[in-house]
Amino acid sequence: MLRSLLALAMFGLLGACASAPVAPPAAVADLAPTGKLRAVINYGNPILAKKGAAGEPTGLSVDLARELARRLGVEAELVTVTSAGQSVETLASGRVDVGFFAIDPARAATTAYSGPYVQIEGAYLVRNDSPIKANEEVDHEGIRVAVGNKSAYDLYLSRNLKKAKIERAPTSPAVVDYFIANKLDVAAGVKQQLEMDAKRVPGLRLLPGRFMVINQAMGMARGKEAGAKYLTAFVEEMKATGFVAEGLRRHAIEGASVAPPGGAP
């Protein structure tokens, strides 16, 4: 009986320790200055977040935000947006403390990134009767490419396409409809989203392979060293313990893989 009581007491102590905040006070102050962890959730990337059956945010980025808040010992306050551009602007305005972003040098001036937690493929989509057969054939004079405004694909292709013209849809989920409505030549975006659109709209096909790999990371405003250090360590732990892999399985996500260890920019 005594042994059982001791075991129960030890279990209770471990449970209390597990539920207590483990972050240093300086990190808590940086990441949750209002007493809550305010996180922006982007519905524009279906691999990371979407609306649940009751309209609530769900997905891997939501899981990570809530787990980070738990470790900080604060409540998570989720702010939802519909595009990557809105997500970046929401963080830059100070309305949130953390967000989930594709790592891109154009954003690094104002955003302190963790290492990547998942890698996502970027792909091209064309009509079945398009003469374009390979990714290398996209960057030619007269080719018009649809991308989501201020998305990772927009930033990447703006630097790398030299001859093709970029035309911007309001959001990434709207790219294919924008591509069709404006009679463009190519749609660029998250491979999984384009695959779903190709099933939804007859007469479309994806080009083989991928034109880029997106490293998706957590990010916060620069100038908060304790918070940035803790955020980087948190993401590495979430990868190492299987939290990210389990989240991808639980949410039935295809087209994304757990990023390798390290890789902080």
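FYI, it's all coordinate maths here, none of it is from the lab. This is a predicted model, so every value here is computed, not measured. Note that each Cβ is placed from the backbone with ideal geometry, even for glycine, and that neighbours are counted across all protein chains shown.
Brief remarks follow.
- The residues neighbouring residue 155, those whose beta-carbon lies less than 9 Å from its own, together hold a net charge of +1 under the Lys/Arg +1, Asp/Glu -1 convention.
- Listed by Cβ neighbour count within 10 Å, with the fewest neighbours leading, 81, 147, 201 appear as 201, 81, 147.
- GNM result for the chain, Cα springs below 10 Å: residue of 114, 158, 87 fluctuating most strongly: 158
- Modelled FRET efficiency - R0 25 Å, residue 133 with residue 181, Cβ distances, 0.05 increments: 0.55
- Summarising the label geometry, the points placed 7 Å from Cα in the beta-carbon direction at residue 50 and residue 106 lie 2.7 nm from one another.
- For the stretch 121-212, the orientation-averaged shadow of the C-alpha convex hull comes to 5.0 nm² (one quarter of the hull surface).
- Under the convention that each Lys and Arg Cβ holds +1 and each Asp and Glu Cβ holds -1, the size of the dipole of the stretch 124-225 around its Cα centre is about 180 debye.
- Were the residues from residue 205 through residue 229 laid out at 0.36 nm apart, the gain over their Cα-Cα distance would be 4.4 nm.
- Amide proton proximity set for residue 212, modelled H, under 5 Å, gap of 5+: 122
- Rounded to whole Hz, the Karplus (6.51, -1.76, 1.60) HN-Hα couplings of the stretch 105-115, x for glycine and proline: x, 5, 9, 5, 5, 10, 10, 8, 8, 7, x
- Selected from 234, 262, 28, residue furthest toward positive end of dipole (the chain; charges at beta carbon): 28
- In summary, the convex hull built on the alpha carbon positions of the chain has an orientation-averaged projected area of 16.5 nm².
- 3J(HN,Hα) along the stretch 146-156: 8, 9, x, 4, 6, 6, 4, 5, 4, 4, 5 Hz, from the Karplus curve 6.51 cos²θ - 1.76 cosθ + 1.60 with θ = phi - 60°, whole Hz, x for Gly and Pro.
- Acute angle (nearest 10 degrees) that the helix 60-72 long axis makes with the longest principal axis of the chain, alpha-carbon atoms: 30 degrees
- Using a cut-off of 20 Å between Cα atoms, the listed pairs 51/183; 163/191; 36/224; 133/163; 50/224 include 51/183; 163/191; 50/224 as exceeding that distance.
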